[in-house]
Every structure is written in C-alpha cells, then in structure tokens.
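Note sheet for the following structure.
The values are calculated or read from the model by the stated rules, or taken from the named source; none is laboratory data. Everything numeric in this text was worked out from a predicted model, so none of it was measured. Reconstructed Cβ throughout: ideal geometry from the backbone, glycine too, with neighbour counts over all protein chains shown.
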C-alpha cells in the first residue's frame, strides 16, 4: 500500500449514500460514537479525576490544555482525540471510543474514496468535455492504464482495512464515482453548491432505480421525479444547459450528428429546434408548420448531403422530427 495522506481529512458520512450527506457536525458524531449507557458528551468532560494526558492525540501535535473543572460544562468533541495519519491506528481509535462498525466503515471508505478521487482527477484534469460529440470525454490509453492501476490500488487498500465486501448501495456509488470525471465536466457550468446538489439527486436516482429492478414504469417515474428535483434547483437557463448536456435527446442527437462530424453550433441549433417542436402538440396545424420550418432551416444549416444523412439518423433512432 502506498500513498497514505500526511493528514487525513475527515469526512463524516453516516448514511449508505456517501454523496447525499457530505458533511455531518462533530456533535452528531459524538452522539453516534458514545457507548451505550454513557451520556452524550461524557467522554469530553474534564473533571478533577481526569487528566488531559489520558486523551489520545494526533501524532506530532501538542496536547490541548485541560478545561477548568465544571460538572455542567461539556467541551466540544475534538477529532484530534482519534485522528491518526495511519489508517489502522485510526480504526483502532474509532473502535476504542465505541463507534459502530457501520459508522467506521462510512468514515474510512469515504476518506479513501476522497483520497483516490483526488489522485484520479489529477490524471484527467486536462481533459475537456465536448457535449456535442458522441464521446464527450476522450481518455488516452495511458490515462486509462493509470486509472485502472489506481482503482486496483484503492480496492487493495480497502481490502487490507477489511472493507472489501460492498453491498448494492456501495456498488451503485462506486459505479457513480467511476463516472465522476464526466459528471463533473458535464456540470462545470454550474456554481459549486448546485453541482453538489445535482450530483446528489443523480446518485439518489440510480439507487432508487436499482431498488425497483426491471420495473420500467417505476424507473420512468423515478427519472421524472429526479428531473423535476433538478429543475427546481436550477434557473431556467441553467436547466436548459443541463438538458443540452445530459438528457436522452442530447444523447440521441450526438449519435445522429456523429457521422456528420457536427459542430457545437449545429448541435445547439438542432437541439433547440427539437425542444421547440416538442412543446407543440403533435398533429396540429401549428406542429406541421413548425416541423416544415425546422426542416427548411436545418437543410440550409447542414447542406443537402449532410441533411440527408441527418434524416437517416433521425429515422434510425426513431425520433419524431
């Protein structure tokens, strides 16, 4: 095992969904980690019978001065009591204060994932996201090799620590993390908080779809609910940009334009024409008029030969245009 961090960054993840709850307060952690029968905060009380030297400290740090004795005063929980640069010692410290095994797993697995996500991001940080191309993110063979090696190293680290038996929720989160680079690039136009909120909504969607299995009706309902949630988080302009990058129509249009080597300008123009046409009731005079206007405009945009290829692609994908 290599690459232990100099100082571990603690991320308290107390639910099976790692990305839904990014940060929990130290006080909540204290409540979860207090052994049964011991009052919350008792471990942090300093009285005349407890020496500050008895509290475990992080290596290389000075011990904090004890608080004045007071039976009614509870000191804030200090993570320096359990933090360690070595994962094995860190696990021992967490168990020593009575943390449940599920909580320990969530904390340590999240920390390992965070460490390796940072290392993986450094490999692909120069990649760009071309949302109008059939393969929006292209990795080199060397990047693929380095990412495979890091993934194998991460699994070995977790196996050594005793956390190599993922449940279904873990598997979904792992697959979601594998797409993390593309999702981050896809959502790069959003402010950071909104990126986190959208990522959480997408992860929740994948977990819920896994729970319903092959039930198409429920899967569609879950997707619709997630899209409505994301729409509520974004401005109309932001949601249009999100739709342009991540919707099923966007995926189909990328495939249609791939043989044409479509440009970003062409992609946006055609996507807007699809979106505008979708807002009109099919079969009505307004729809037929808009459809004819779209075809005329796209033929001028693409030229006769490429427009013919475009129509073939639309037909192959079963798209009403």
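Observations on the model:
- Of the residues making up region 130-184, those that are assigned to a loop (DSSP other than H, G, I, E, B), modelled with pLDDT of 85 or more and over 26 Å from residue 210 (Cβ atoms) are 130, 131, 132, 133, 134.
- Among the residues examined, residue 280 qualifies as outside any helix (DSSP H, G or I) and either touching a helix residue (DSSP H, G or I) at 6+ places or on another chain (Cβ under 9 Å) or surrounded by 13 or more Cβ atoms within 10 Å (Cβ to Cβ) (or both).
- None of 196, 202, 190 is under 28 Å from residue 319 (Cα atoms) and touching a residue at least 24 places away in the same chain (Cβ under 8 Å) except 202.
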